[in-house]
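Working notes, beginning with the structure itself.
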Amino acid sequence: MAFVEWCWHQPARPPKPGQKPGKLTAPSTIDRRLSGVVVTARRQLKLQLAEDVAEEARALLKAKVKEMEKAGQTRGRGPAPALLVRHMEKIAVTLPRDRFGIRDLSLMTMHFAIAGREHELAYLRVRDIAEDPEGRGLIVDVRVSKVAPVRSRSPSARAPTCAR
């Protein structure tokens with residue numbers, strides 16, 4: 001309970017020197033941290049916690065969220081800004097013209113094209129990527145996913161950043 005209370009008053013991100021704190025931590029972040037603390041306390045530190053400690057803490061968090069919503073407040077940083085093609089073009093021109101730059105450009109383009117999460121891109125293997133038989137680009141089998149267990153994506157290989 002005290003952990004939830006403490007988290008409730010923490011900024012979403014630490015302020016930079018000389019700046020005042022921004023928005024406060026989002027309830028979803030507090031809930032995720034609560035889970036981590038309870039699991040770590042039980043598994044790694046072998047602490048004997050009450051069976052319903054997480055339930056009680058979540059009930060407190062839920063009450064705080066109701067108060068927050070009633071007051072019309074918002075918390076957290078909000079959604080991250082979208083990465084657009086114009087941003088990728090700016091990044092592409094700064095990459096070195098060596099094998100590392102080509103690797104980084106390839107990863108960035110694939111990540112964008114499949115609209116994937118970091119772990120989805122990390123688990124891709126050469127066997128998961130094939131040329132489209134009709135010449136439209138690539139077919140990518142994303143086998144490890146938080147959202148959908150198996151899905152295929154067909155990113156176009158003709159994005160403007162591909163032809164440097």
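Tell me which residues, restricted to region 1-24, are without any contact (Cβ under 8 Å) to a residue 24 or more places away in the chain and assigned to a loop (DSSP other than H, G, I, E, B).
HIS9, GLN10, PRO14, PRO15, LYS16, PRO17, GLY18, GLN19, LYS20, PRO21
Which residues, counting only those in region 98-112, are touching a residue at least 12 places away in the same chain (Cβ under 8 Å) and open to solvent by 40 Å² or more (accessible area, probe 1.4 Å)? Let's see the steps before the verdict.
First pass over region 98-112, keeping only residues touching a residue at least 12 places away in the same chain (Cβ under 8 Å): 105, 107-110, 112.
LEU107, PHE112 - these are the residues of region 98-112 that are touching a residue at least 12 places away in the same chain (Cβ under 8 Å) and open to solvent by 40 Å² or more (accessible area, probe 1.4 Å).
Could you check, for region 25-41, whether at least one of its residues is at pLDDT below 95, assigned to a loop (DSSP other than H, G, I, E, B) and closer than 22 Å to PRO79 by Cβ?
yes
Name the single residue that is most open to solvent (accessible area, probe 1.4 Å) among those in region 1-23 being in contact with a strand residue (DSSP E or B) (Cβ under 9 Å, 6 or more places away or on another chain) and more than 16 Å from ALA63 (Cβ to Cβ).
LYS23
Only one of ALA50, ALA80, ALA115 is open to solvent by less than 100 Å² (accessible area, probe 1.4 Å), farther than 30 Å from GLN10 by Cβ and among the aliphatic types (A, V, I, L, M); which? Spell out the reasoning first.
Details: ALA50 fails: farther than 30 Å from GLN10 by Cβ; ALA80 fails: farther than 30 Å from GLN10 by Cβ.
So the residue among ALA50, ALA80, ALA115 that is open to solvent by less than 100 Å² (accessible area, probe 1.4 Å), farther than 30 Å from GLN10 by Cβ and among the aliphatic types (A, V, I, L, M) is ALA115.
The values are calculated or read from the model by the stated rules, or taken from the named source; none is laboratory data. Keep in mind the model is a prediction, meaning the values are calculated, not measured. Ideal geometry is used to build each Cβ from the backbone, glycine not excepted, and the neighbour counts take in all protein chains shown. The accessibility values were calculated without ligands, DNA or RNA, using every heavy atom of the protein model including side chains. Shrake-Rupley method; radii C 1.70, N 1.55, O 1.52, S 1.80 Å.
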